[in-house]
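Heads up: the structure comes next, in structure tokens.
The values are calculated or read from the model by the stated rules, or taken from the named source; none is laboratory data. Everything numeric here is computed off the predicted structure, so don't read it as measured data. Quick reminder, even Gly has a Cβ in these numbers, built from the backbone with ideal geometry, and neighbours come from all protein chains shown. Please note that ligands, DNA and RNA were not included when accessible areas were found on the heavy atoms of the full protein model with its side chains. Shrake-Rupley method; radii C 1.70, N 1.55, O 1.52, S 1.80 Å.
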Amino acid sequence: MPLAARSPSNLIAAIATAPGRGGVGVVRVSGADITPLAKALLGRVPEPRHATFSRFYDGDGGVLDEGIALYFAAPHSFTGEQVLELQGHGGPVVLNLILQRCIELGARLAAPGEFTRRAYLNGKLDLAQAEAVADLIDAASTEAARSAVRSLSGAFSERVNALQEDVTRLRMLVEATLDFPEEEIDFLRDADAFGRLDRITAALLAVRVQAKQGALLREGLTVVLIGQPNVGKSSLLNQLAGFEAAIVTEVAGTTRDTVREAIQIQGVPLHIIDTAGLRETDDAVEKIGIARTWAALEKADVALLLVDAAHGLGEREAAILQRLPAVARLTIHNKIDVTLDAPRAAGDEIWLSAKTGAGVELLRDKLLEAAGWQAAGEGAFMARARHLDALSCAGGHLTAARESAAQLELFAEELRLAQAALSEITGEFTADDLLGEIFSKFCIGK
């Protein structure tokens with residue numbers, strides 16, 4: 001019996017469409033046996049995998065709504081169980097009436113992500129694919145959506161599974177030699193065990209590169225604009241955003257709180273934060289804004305230090321740099337429209353005009369470079385921090401295996417640990433508390 005089918009509260013139901021009004025709304029039901037519910041609600045069990053026009057009845061035989069009923073017989077459904085989808089009119093009141101009717105008939109309200117969790121437990125998806133469902137829903141750009149689809153279709157899992165199979169074959173070879181201690185090193189050399197290990201390590205590195213690109217598409221980059229008052233931070237934010245997101249005046253201290261704006265560069269999400277100018281002040285409100293500037297820097301991926309191109313880095317900028325936390329930094333020489341400098345980039349310095357936009361494209365390129373984005377990111381698959389950690393862990397064990405090749409037992413053990421780290425990605429071996437954390441962040445009905 002499938003794992004999910006053993007649950008004492010087997011039948012689950014939820015509204016699967018987004019909150020609010022729409023032309024169509026969907027209520028989804030899943031469980032081991034939905035026959036009694038379907039008969040009471042629809043008067044019959046629809047033919048599997050056929051759209052059937054139906055009326056949805058309440059307990060007194062009155063009509064709650066009418067629409068399309070779709071029945072999927074186990075195991076040919078998203079969850080691997082029997083699934084009934086009721087497509088009615090997309091008003092919140094009528095959808096809640098249908099949901100309440102399902103609960104009256106023995107279903108319970110599904111927990112966040114419970115449909116996808118059941119799909120995972122019943123072997124319809126591995127864990128990486130299940131996470132890609134939520135990533136596809138949350139995708140903030142076309143590139144992120146495409147990467148999530150690649151993961152959902154199994155591209156990431158296939159690469160990870162191929163690595164696991166290669167490690168497994170190498171483990172079998174190594175452990176088979178443990179019975180022949182006199183010949184083990186020569187045997188491994190003749191079987192090209194170390195060449196195989198090197199090829200696995202190279203393949204793992206390639207997967208990590210693609211996974212990092214996907215993680216960047218998912219998480220984005222937090223960029224904080226800092227500098228003295230009136231160096232053009234708000235103007236640069238507006239130039240990057242493409243509209244007037246922040247107020248710009250000649251009055252020093254206009255920005256007193258952090259202003260946040262989300263933009264995209266080549267599909268990579270960037271969270272730009274404009275901050276209060278850093279200076280000594282007696283203004284109580286401005287002091288709070290400056291304190292928030294330093295707090296924002298603690299969580300930044302990149303800091304953009306803006307200076308006036310007319311005087312460049314001075315004592316005040318040096319004081320800012322001295323307090324700057326360990327974060328990637330670019331120095332922006334702004335106002336070249338006044339100094340008549342040409343836009344250019346040299347190392348981690350860029351000369352531009354936030355007012356006219358000259359040189360801003362150079363900044364966009366530098367931000368992508370700072371993020372580690374590669375233009376050939378088309379093959380990226382969506383990945384999360386836990387995936388990157390697992391890949392890094394597996395890589396560490398492969399390196400340790402290479403270093404302990406002369407001690408066969410340690411060699412075999414490091415290979416086993418590398419395989420275990422890879423298996424965590426697809427959920428072959430996963431703790432229940434991790435599953436709870438992952439699926440609790442899904443929306444209800446998915």
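A few remarks follow.
- When residues of segment 28-45 are limited to those that are open to solvent by 50 Å² or more (accessible area, probe 1.4 Å) and without any contact (Cβ under 8 Å) to a residue 60 or more places away in the chain, the one farthest from residue 82 (Cα to Cα): 43
- Index of the failed condition, residue 143 passing every other in (1) at pLDDT below 85; (2) in contact with a Cys (Cβ under 8 Å, 6 or more places away or on another chain): (2)
- Criterion: touching a helix residue (DSSP H, G or I) at 6+ places or on another chain (Cβ under 6 Å), in contact (Cβ under 8 Å) with a residue 40 or more places away in the chain, of a type outside the set (Asp, Glu) and closer than 16 Å to residue 445 by Cα - qualifying residue of 115, 56, 78: 78
Residue by residue, here is whether (1) polar (S, T, N, Q); (2) at pLDDT 95 or above; (3) within 26 Å of residue 113 (Cα to Cα) holds:
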position: 2; (1), (2), (3): no, no, yes
position: 6; (1), (2), (3): no, no, yes
position: 9; (1), (2), (3): yes, no, yes
position: 23; (1), (2), (3): no, no, yes
position: 33; (1), (2), (3): no, no, yes
position: 59; (1), (2), (3): no, no, no
position: 62; (1), (2), (3): no, no, no
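- The residues of segment 22-53 that are of a type in the set (Gly, Ala, Ser) and over 23 Å from residue 446 (Cα atoms), listed by number, are 40, 43.
- Condition check for residue 322: at positive phi and at pLDDT 65 or above: no
- Any hit, segment 66-88, residues being open to solvent by less than 10 Å² (accessible area, probe 1.4 Å), at pLDDT below 95 and β-branched (Val, Ile, Thr): yes
- Of all residues making up segment 105-134, the number that are within 16 Å of the chain's Cα centre (by Cα) and either small (Gly, Ala, Ser) or at pLDDT below 85 (or both): 5
- Taking the criterion of being crowded, with 21+ Cβ neighbours inside 10 Å, under 17 Å from residue 27 (Cα atoms) and aliphatic (A, V, I, L, M), the residues of segment 100-130 that qualify are 107, 110.
- When residues of segment 403-422 are limited to those that are touching a residue at least 60 places away in the same chain (Cβ under 8 Å) and over 30 Å from residue 127 (Cα atoms), the one farthest from the chain's Cα centre (by Cα): 406
- With respect to (1) of a type in the set (S, T, N, Q); (2) open to solvent by 10 Å² or more (accessible area, probe 1.4 Å); (3) within 23 Å of residue 267 (Cβ to Cβ), the lone exception for residue 147 is condition (2).
- Hey, residue 189 of a type in the set (Lys, Arg), surrounded by fewer than 18 Cβ atoms within 10 Å (Cβ to Cβ) and at pLDDT below 80 or not: yes
- Selection from segment 28-48 of residues that are in a helix (DSSP H, G or I) and either of a type in the set (D, E, K, R) or under 19 Å from residue 89 (Cα atoms) (or both): 38, 39, 41, 42
- Among the residues of segment 370-389, those identified as open to solvent by 10 Å² or more (accessible area, probe 1.4 Å), of a type outside the set (D, E, K, R) and modelled with pLDDT of 70 or more are 370, 371, 372, 373, 385, 388.
- Top-ranked residue in segment 215-257 [being in contact with a Gly (Cβ under 8 Å, 6 or more places away or on another chain) and either open to solvent by 50 Å² or more (accessible area, probe 1.4 Å) or within 30 Å of residue 159 (Cβ to Cβ) (or both); ranked as modelled with the highest pLDDT]: 239
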